[in-house]
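Some notes on the structure that comes next.
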Amino acid sequence: MTADLARLDDAAALVRTVVPATPQYCWPLLSRRTGAELWVKHENHTPIGAFKLRGGLVYLDELRRAQPQIRGVITATRGNHGQSIAYAASRLGLAATIVVPYGNSVEKNRAIEAFGATLVEEGHDFQAAYEYAVARASADDLHLVRSFDPALVRGVASCGLELFRAVDGLAVVYVPIGLGSGICAMIAAREALGETAEIVGVVAENAPTYALSVAAGSPVSTNSADTIADGLAVRVPDAEALAIIRAGAARIVTVSESEIRRAMRILFTDTHNIAEGAGAAPLAAALQERGRLAGKRVRRGAGRSGSGIAELRQPRAISRAISRRWMSLVPS
C-alpha cells in the first residue's frame with residue numbers, strides 16, 4: 001500500500017463532511033508523568049467516540065460508487081468497527097448486519113442497533129464472529145466488510161494527517177493495534193507527509209498476536225485474546241497489515257492488564273476523559289518507555305470514549321476515581 005497524499009487528502013475531505021477535525025491537546029500532567037511533551041488526539045470526539053468512523057465512511061462511499069447495486073453489508077466487530085459500518089451504512093441507505101461475539105460490550109451493542117443495523121451475536125470471540133460473518137455473507141448474498149482493508153486505512157489516515165499538520169516535530173507516535181487499520185493509517189499519513197516520527201505499535205499482553213508476528217517475521221496466531229482492551233482482542237493477524245507494520249513501525253510494545261487499567265485511571269484523573277482499554281493502551285506504553293522519551297514530543301494513540309468498558313467488567317479503579325470526583329463536588 002503506497003502513501004499517495006492526494007488520495008489521502010480526498011478521503012479526508014469526505015470524512016470532514018461528517019467529522020470535523022478532532023482536537024489534539026498537550027496535557028501537562030501526562031507530560032510530567034512521561035517526561036516528554038505528550039499530546040493526545042481526541043478521537044472520542046467523533047459521532048461514535050472512536051477513530052474507526054473515518055474508515056467506514058470512506059469504505060462504504062467507495063463501495064457504493066463502484067457497486068451501486070449493493071443493498072446490504074455484513075461485518076464482524078468487537079464494537080467500534082461495527083459502529084463505523086452501521087453509521088456509514090445508514091447515511092447511504094444500506095442495510096447493515098453487524099456480528100459480535102457473545103458477551104460483547106452491552107453499550108456498544110446498543111449503539112450499533114441505534115445506528116439502524118441488525119445485530120447478531122455469534123461466537124466466543126472476534127475470530128469466531130468473523131468466521132460466521134464470512135459464511136453468512138455467502139449464504140445471504142451480502143457484501144463482506146473486512147476489519148482491515150486499504151479503503152478503511154485511507155479513511156483512518158485522515159486522523160494522522162490532522163495530527164502531523166497540527167503538531168510540528170513529533171518524535172514518537174504510539175498507536176494501539178487491533179487488526180491494524182489504525183497503525184497502518186498512521187504510517188501512511190507519516191510517509192505521505194514526509195514526516196520522520198517513530199510509529200510504535202501497542203498490543204495487550206493477553207492478545208500478543210502482532211507482537212509475536214513481528215518478532216517471527218510471519219503471521220502467528222494465538223489461542224485466545226482475553227483482555228480488558230476489547231479493541232486489541234485479536235488472535236489472528238491480517239497478513240497485509242502485518243507487512244505494513246513490519247516495514248513502517250519502529251517497534252511493538254506489549255502492555256499488561258494492570259498497566260492498561262492504570263493508564264485508564266490516569267487519563268480520567270489527569271484529563272477528565274474516560275478511555276476504554278484500547279484507547280488507554282498507548283499511554284500505558286509511553287509510561288513503560290518513560291526512560292527513552294525524555295524531552296521528546298510524543299503523541300498518545302487515538303483516544304476513545306469509555307463506551308467500550310463493559311458494565312460488568314468496569315475496573316474498580318475507574319469506578320473509585322469517578323466516585324471520588326463526583327463526591328468531591330457534593331457539599332457536605
>> Would you confirm whether or not segment 122-142 contains a residue that is closer than 30 Å to P20 by Cβ and aliphatic (A, V, I, L, M)?
In response: no
> Which residue out of S31, S84 is outside the structural domain of E131 (by TED's automatic domain parsing) and without any contact (Cβ under 8 Å) to a residue 40 or more places away in the chain?
Replying inline: S31
>> Scan segment 196-211 and tell me whether some residue there is in the same structural domain as K296 (by TED's automatic domain parsing), of a type in the set (S, T, Y) and out of contact with any Pro (no Cβ under 7 Å at 6 or more places or on another chain).
In response: yes
> Mind checking which residues of segment 46-59 are in contact (Cβ under 8 Å) with a residue 60 or more places away in the chain and either assigned to a helix (DSSP H, G or I) or over 12 Å from the mean Cα position of the chain (by Cα) (or both)?
Replying inline: K52, R54, G55, G56, L57, V58, Y59
> Is it the case that some residue within segment 215-234 is at pLDDT 95 or above, farther than 26 Å from Y25 by Cα and in a helix (DSSP H, G or I)?
Replying inline: yes
>> Quick check on this structure: which one of S147, S158 is touching a helix residue (DSSP H, G or I) at 6+ places or on another chain (Cβ under 8 Å) and modelled with pLDDT under 95?
In response: S147
> In segment 261-282, what residues are over 27 Å from S218 (Cα atoms) and in a helix (DSSP H, G or I)?
Replying inline: R261, R262, A263, M264, R265, I266, L267, F268, T269, D270, T271, A280
> Does segment 150-165 hold any residues that are surrounded by fewer than 24 Cβ atoms within 10 Å (Cβ to Cβ) and either more than 20 Å from the chain's Cα centre (by Cα) or of a type in the set (S, T, Y) (or both), and which are they?
Replying inline: R165
>> Just checking, does segment 119-135 include any residue being of a type in the set (V, I, T), closer than 17 Å to A225 by Cβ and not assigned by TED's automatic domain parsing to the domain that holds A12?
In response: no
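Residue by residue, here is whether (1) of a type in the set (G, A, S); (2) crowded, with 18+ Cβ neighbours inside 10 Å holds:
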{"site": "A233", "(1), (2)": "yes, yes"}
{"site": "A247", "(1), (2)": "yes, no"}
{"site": "A250", "(1), (2)": "yes, no"}
{"site": "V253", "(1), (2)": "no, yes"}
{"site": "E257", "(1), (2)": "no, no"}
{"site": "N273", "(1), (2)": "no, yes"}
{"site": "A284", "(1), (2)": "yes, yes"}
> In segment 99-118, how many residues are buried (at least 19 other Cβ atoms within 10 Å of the Cβ) and either assigned by TED's automatic domain parsing to the domain that holds L179 or over 16 Å from A233 (Cβ atoms) (or both)?
Replying inline: 4
>> With hydroxyl-bearing (S, T, Y), farther than 16 Å from Q288 by Cβ, touching a residue at least 40 places away in the same chain (Cβ under 8 Å) and not in a loop (DSSP other than H, G, I, E, B) as the only criterion, which of Y210, Y174 stands out?
In response: Y210
> Among the residues of segment 127-149, which ones are crowded, with 17+ Cβ neighbours inside 10 Å and in a helix (DSSP H, G or I)?
Replying inline: Q127, A129, Y130, Y132, A133, R136, A137
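The values are calculated or read from the model by the stated rules, or taken from the named source; none is laboratory data. It should be emphasised that the depicted structure is a prediction, and the values quoted were computed from it without experimental measurement. Backbone-built Cβ (ideal geometry, glycine too); neighbour counts: all protein chains shown.
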